[in-house]
Amino acid sequence: MGVIQFGFSKTYEWLPREVELLSAAAERCVLAAEKARLVRDLAAREGQIRELAGRMLEVEERERRRISSELHDETGQSLLCIRLQLEMLEAATPENCAHLKSGLSEARALTESTIVETRRLISALSPAVLQQLGLTAALRQLAARLRQSHQMKLKLHLAPPRELGEQAKTAIYRLVQECLSNVARHSSALNVNISVTSADGRIRLCVEDDGVGFRVEEAAAKRGSFGLAGMRERVALLGGKFHVHSQPGQGTRVCIGLPLPVKRGRPDPGS
């Protein structure tokens, strides 16, 4: 492991207790060196794991865009053609064939609802508004959909930096999307507050509701529940901090702080 050398001007006979002391010191040095090596290796492996997780998120976003594009180009267009054919058949059906006309009308209505749901899935997978109009517009669209589907009152305070890279915008959008999905599925809330602000090179994201709440420790330990864990990991990959405050009957507050890099160049059109 190493060598410790002592120099004396004359021959020196080591006493037994001195030898024991030096041996103990050498063992401590070996343990310290081994600990330092393990810490270094652990840090390197954690860095590799986080890099891999970051790449997986990038792959996930690319796959979302691919599926969204295929749904739009293939499934969406096919559904539109089916609806058009049903409309033409319904219009051409004689009035004395009421049963057939009613069946065509029901099939057309079902096709129209499927088209609406497909468009919702396309937007959830890869929201075009995020790329076209920016982060603020995309978050307002998320809030509007939640308001329409669950009759909740939403209060928005959106003031992100004007210049954000695509990765930062996507990360914030996905975090808010997951928060609102949890609110819709579990909270039974009537009021939701969404805040995205920035100061001192950091972004602070907060989503608060007045719903039923839950025990954070139990939810984190629950097997098969990946919502909070996924959000926590996404925030950790960006070097941020993630906090959840909740108690049964007292609502939920999710606060996220992100040291996001600001992109130099053209401003985000919707921020």
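The values are calculated or read from the model by the stated rules, or taken from the named source; none is laboratory data. Everything quoted here is computed from the prediction, not taken from an experiment. Quick reminder, even Gly has a Cβ in these numbers, built from the backbone with ideal geometry, and neighbours come from all protein chains shown.
For the stretch 163-181, a residue qualifies if it is crowded, with 21+ Cβ neighbours inside 10 Å and in a helix (DSSP H, G or I), and the qualifying residues are 168, 169, 170, 171, 172, 175, 176, 179, 180.
Being modelled with pLDDT of 90 or more, surrounded by 13 or more Cβ atoms within 10 Å (Cβ to Cβ) and either under 25 Å from residue 170 (Cβ atoms) or in contact with a Gly (Cβ under 6 Å, 6 or more places away or on another chain) (or both): is that true of residue 140 here? Before you say what the answer is, go through the steps one by one.
Numbers: modelled with pLDDT of 90 or more: yes; surrounded by 13 or more Cβ atoms within 10 Å (Cβ to Cβ): yes; either under 25 Å from residue 170 (Cβ atoms) or in contact with a Gly (Cβ under 6 Å, 6 or more places away or on another chain) (or both): yes.
Against the criterion (modelled with pLDDT of 90 or more, surrounded by 13 or more Cβ atoms within 10 Å (Cβ to Cβ) and either under 25 Å from residue 170 (Cβ atoms) or in contact with a Gly (Cβ under 6 Å, 6 or more places away or on another chain) (or both)), residue 140 qualifies.
Looking only at the stretch 182-201, filter to residues that are surrounded by fewer than 16 Cβ atoms within 10 Å (Cβ to Cβ) and small (Gly, Ala, Ser); which one of those is modelled with the highest pLDDT? Ranking the qualifying residues of the stretch 182-201, first place goes to 195. Is it the case that residue 266 is in a loop (DSSP other than H, G, I, E, B), modelled with pLDDT under 90 and either in contact with a helix residue (DSSP H, G or I) (Cβ under 9 Å, 6 or more places away or on another chain) or not hydrophobic (A, V, I, L, M, F, W, C) (or both)? Considered against the rule, which asks whether it is in a loop (DSSP other than H, G, I, E, B), modelled with pLDDT under 90 and either in contact with a helix residue (DSSP H, G or I) (Cβ under 9 Å, 6 or more places away or on another chain) or not hydrophobic (A, V, I, L, M, F, W, C) (or both), residue 266 comes out as yes. Taking the stretch 58-101 as the range and being surrounded by 14 or more Cβ atoms within 10 Å (Cβ to Cβ), more than 11 Å from residue 125 (Cα to Cα) and acidic (Asp, Glu) as the test, the residues that pass are 87, 90.
Please determine whether any residue of the stretch 84-97 is part of a helix (DSSP H, G or I), among the hydrophobic types (A, V, I, L, M, F, W, C) and under 36 Å from the mean Cα position of the chain (by Cα). No - not one qualifying residue is present in the stretch 84-97.
The condition of being under 18 Å from the mean Cα position of the chain (by Cα) and among the aliphatic types (A, V, I, L, M) holds for only one of 130, 100, 104, 110, that being 130. So for the stretch 184-199 (the condition being touching a helix residue (DSSP H, G or I) at 6+ places or on another chain (Cβ under 8 Å) and not hydrophobic (A, V, I, L, M, F, W, C)), does at least one residue qualify? No; the residues of the stretch 184-199 include none that is touching a helix residue (DSSP H, G or I) at 6+ places or on another chain (Cβ under 8 Å) and not hydrophobic (A, V, I, L, M, F, W, C).
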